[in-house]
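Contents: one structure, followed by commentary.
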Amino acid sequence: PAVFAASVDQSTVSVGGVSAALLKPAHPKGAIILLAGGAGNIGVGPNGAIAREGNQLVRTRAAYAARGFAVLVPDCCVDVAAAVQFMRSFGKVTLVGTSRGTQRAGRGIASGARPDRLVLTSGFLSNASGDGDNVMNMLGSSAALPSTLIVHHRQDGCFKTLPAGVAPFLEWAKGKARVTWLDGGSSEGNPCEAWAHHGFNGQDGQVVSAVAGFAAR
């Protein structure tokens, strides 16, 4: 289970039609919204508790709060625009999605959500990722794309988020996106699940550093 610093206030709030865990340090320097992968049903309970916290973003939520960010972890399927608006009081809002959470982030932006920054980890990015239901196709043009960071594992074995999907996305983004590639770590079980390279097994610290560094820019 995630370990929280004593200086971080943890609560459950209702945002965009769902329950969400809110982690709030004493003096937030910005806001991060974490959209889990898979079905997104993480089981947010009282006092910010989360029943299913294996997902890479969910299991590292405390690390973002420890770096000074207010963190929102919503259950599925939150109104992304409402979540962005809710977090505005904490400063610039970085929307982070992983795996199928990148689809939810893309649909949110296509529907009018306007985060200041976007991070897509192990993402459904382009047709070359392996699925037509991807961020490029959702948005059509990169006009609505905020400044974006891609975090991808070179050995991601998931047939929906192939590393080959990154280059077409970067070209389409027309300078609005950059990529941080990860190598190494370990991979266990289903290649599309949280303990494979797809979920950056053994590399949580590197993912957090990349995402938090981008969010702090």
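Miscellaneous remarks
- Top positive-direction residue, dipole computed over the range 160-217 with Cβ charges, set Gly184, Ser209, Leu170: Leu170
- Of the Cα atoms belonging to the range 135-217, the radius of gyration and Dmax stand at 13.5, 38 Å.
- The mean sequence separation of alpha-carbon pairs under 8 Å and at least six residues apart, normalised by the residue count of the range 1-119, gives a relative contact order of 32 percent.
- The sum of -39500 (n - 2.57) across all DSSP H runs of n ≥ 4, divided by the residue count of the chain, sets its helix-only mean residue ellipticity at 222 nm to -6500 deg cm²/dmol.
- Largest-first ellipsoid semi-axes for the range 114-175, taking √(5λ) over the Cα gyration tensor eigenvalues, angstrom: 19, 12, 10
- Farthest toward positive dipole pole in the chain [+1 Lys/Arg, -1 Asp/Glu at C-beta], among Ala62, Ala49, Gly38: Ala62
- Length released on extending from Ser186 to Gln85, taking residue separation times 0.36 nm less the Cα-Cα span: 32.7 nm
- For the Cα trace of the chain, dividing Rg by the Kirkwood Rh returns an Rg/Rh value of 0.93.
- If both residues of a DSSP beta bridge must be in the chain, then about 35% of such bridges are antiparallel.
- Lys/Arg +1, Asp/Glu -1 at C-beta; the chain dipole; positive extreme among Gly17, Ser89, Pro115: Ser89
- Nearest-20 debye value, the chain charge dipole, Cβ charges on Lys, Arg, Asp, Glu: 660
- With the convex hull drawn over the C-alpha atoms of the range 34-162, the volume per residue is 109 Å³.
- Charging the Cβ of each Asp and Glu at -1 and of each Lys and Arg at +1, and nothing else, the dipole of the range 5-130 about its Cα centre rounds to 260 debye.
- For the chain, a Gaussian network of Cα nodes joined below 10 Å ranks Phe86, Phe169, Phe69 by mean-square fluctuation, and the top entry is Phe86.
- Taken one residue at a time, the phi angles of the range 47-53 give Karplus couplings (6.51, -1.76, 1.60, θ = phi - 60°) of 6, x, 6, 10, 6, 10, 10 Hz. Gly and Pro are set to x.
- Within the listed set Val18, Val119, Val78, the Gaussian network model of the chain (springs between alpha-carbon atoms below 10 Å) gives the highest mean-square fluctuation for Val18.
- Rolling a 1.4 angstrom probe over the chain with all protein chains present gives an accessible area of which 52% lies on carbon and sulfur atoms.
- Inter-centroid distance (Cα atoms) of the range 129-143 relative to the range 23-51, Å: 26
- Computed about its Cα centre, the charge dipole of the range 124-212 is approximately 380 debye, with only Lys, Arg, Asp and Glu carrying charge at their Cβ.
- In sequence order, calculated HN-Hα J values of the range 109-116 (Karplus, 6.51, -1.76, 1.60; Hz; x Gly/Pro): 5, 4, 8, x, 5, 10, x, 6
- For Val179, the residues 5 or more places off, or on other chains, whose built amide H falls under 5 Å of its own are Ile150.
The values are calculated or read from the model by the stated rules, or taken from the named source; none is laboratory data. As the structure is a computational prediction, the values presented were derived from the model and not from experiment. Neighbour counts run over all protein chains shown; Cβ positions are idealised from the backbone, glycine included. Side chains are part of the model used for accessible areas, which takes the heavy atoms of the whole protein and leaves out ligands, DNA and RNA. Shrake-Rupley method; radii C 1.70, N 1.55, O 1.52, S 1.80 Å.
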